[in-house]
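Values in this text are rule-based calculations from the coordinates and carry no lab data. Everything numeric here is computed off the predicted structure, so don't read it as measured data. In this analysis, Cβ positions are derived from the backbone assuming ideal geometry, glycine residues included, and neighbour counts consider all displayed protein chains.
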Amino acid sequence: MRDFVCPNCGQKLTFENSLCLSCGSPLGFSVDQRSLVVIGTPPSSDAESSGVVDSEHFRLCDNMHLARCNWLVAMDDPEGLCLSCRLTRTRPADWDTEALVAFADAEQAKRRLIFELRELGLPIVSREDDPENGVAFDLLSSGREQVMTGHFQGVVTLDLAEGDDVHREQLRVEMAEPYRTLLGHFRHEIGHYYFGVLIGPDQRSEFESFFGDPDADYQAALDRHYQNGAPAGWARSFVSSYASMHPAEDWAETFAHYLHIRDTLDTAAANGFAPSGVGLDHPVLGKSGFDRIIEQWLPLSWALNQMNRSMGHPDLYPFVLPEKVLDKMRFVHTIIS
């Protein structure tokens, strides 16, 4: 995530700010400018360079209160929803106040995902615009009905119970996962969606050389994984034990970890903890570009893990990246770039 400052007073801001706590300026995130801007009357006609958008033409998303959304929409937008909120197809009912709190947390994580996808130049097409190939999100709570986090034909479903720290930690321990977050779920499931977008006939052979046959019997693989666990020596070839279950899951896990790395490096560079030049808005194309990313990621992740241990916390990035995993991730990088 890049660094944000208030265009009016220069105060450092977070991606989620809708108000500058220093000067009190109302703020909104402009997807086109990829920046937080002041909502008001521009001092000149050049609103983009001044960091101010005209309040007669732009306002905050209709989900400002419901989802704590700080993204801008055009004043005459008939839907009144920003790019990220428009992708949500299903949400909890208005009367389900407990689920709506979790919904706001999930939407906040989803906005980070959508911003990163745009920074990487990946296409984001809603299901409204393309009913057959577009993406949509169903954000529902298993507290009211049976909900299974997953992806199916472009629809990403998230169980909002994952927003509860206790529930999520219990599942993480029960499933022997080193890492489990809302943003991690979104990055994994959107990886399934982008398999259909990025892997065509021309990429199929190379994909299978790294991941295997994505059309292999999924149910059989799922049953085998939960009955027998990951195969012996899985850590030499997979980024996680779950990735060893099926080629489709291997791709999704690898895709998610690529997003983890790019965004964290971007944040580190913006805050002076890593060299610039491999951020999300910098072109690092091809295999050599990926090598540059990993050259910076390995020492950074080591340092971050040691800092977490100094605070008595588990490793921030509790994963090992053997050569076979790096080869898979290099393929993901090359396909995206």
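Values for this structure:
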quantity	calculated
Under Karplus coefficients 6.51, -1.76 and 1.60, residue-wise ³J(HN,Hα) of the stretch 15-26 in Hz, glycine/proline x	4, 8, 5, 10, 8, 7, 6, 8, 10, x, 5, x
Cut-off of 10 Å, at most 15 other beta carbons, DSSP loop: longest stretch of the chain lacking such GluC sites (Glu not before Pro)	146-337
In order through the stretch 53-65: 3J(HN,Hα) via Karplus (6.51 cos²θ - 1.76 cosθ + 1.60), integer Hz, x for Gly, Pro	10, 6, 5, 7, 10, 9, 8, 6, 3, 4, 8, 4, 8
Net charge dipole size for the chain [Lys, Arg +1 and Asp, Glu -1 on Cβ; Debye, nearest 20]	940 debye
Per-residue ³J(HN,Hα) for the stretch 255-269, Karplus 6.51 cos²θ - 1.76 cosθ + 1.60, θ = phi - 60°, Hz, x for Gly and Pro	4, 4, 5, 4, 5, 3, 5, 4, 5, 5, 4, 4, 5, 4, 5
Ranked Trp234, Trp71, criterion: other C-beta atoms within 10 Å, fewest first	Trp234, Trp71
Length-normalised contact order of the stretch 4-81 in % [C-alpha pairs under 8 Å, at least 6 apart]	23 percent
Residue (of Pro26, Met311, Leu182) at the positive-pole extreme of the chain, dipole from beta-carbon charges	Met311
Fluctuation leader among Asn308, Asn70, Asn271 - the chain, Gaussian network, Cα springs under 10 angstrom	Asn308
Where no second cysteine Cβ lies under 4.7 Å, the cysteines concerned in the chain	Cys85
Nearest 10 degrees, 0 to 90: helix 165-174 Cα axis against the chain principal axis	10 degrees
Cross-link reach list, lysines versus Lys12, counting only Cα pairs under 26 Å and skipping chain neighbours closer than eight places	Lys110
The chain: calculated mean residue ellipticity at 222 nm from DSSP helix runs of at least 4, using -39500 (n - 2.57)	-13500 deg cm²/dmol
Relative contact order (percent, whole number), the chain, Cα cutoff 8 Å, 6+ residue spacing	12 percent
Sequence-separation-based contact order of the stretch 199-336, relative, with Cα cut under 8 Å and 6+ spacing, percent	25 percent
Which labelled figure in (1) -1.15, -1.25; (2) -1.29, -1.46; (3) -1.04, -1.14 is log10 I(q)/I(0) by the Debye sum over Cα atoms at q = 0.14, 0.15 Å⁻¹, once derived from the coordinates	(2)
Proximal lysines to Lys324, defined as alpha-carbon separation beneath 18 angstrom and excluding residues fewer than eight positions away on the same chain	Lys287
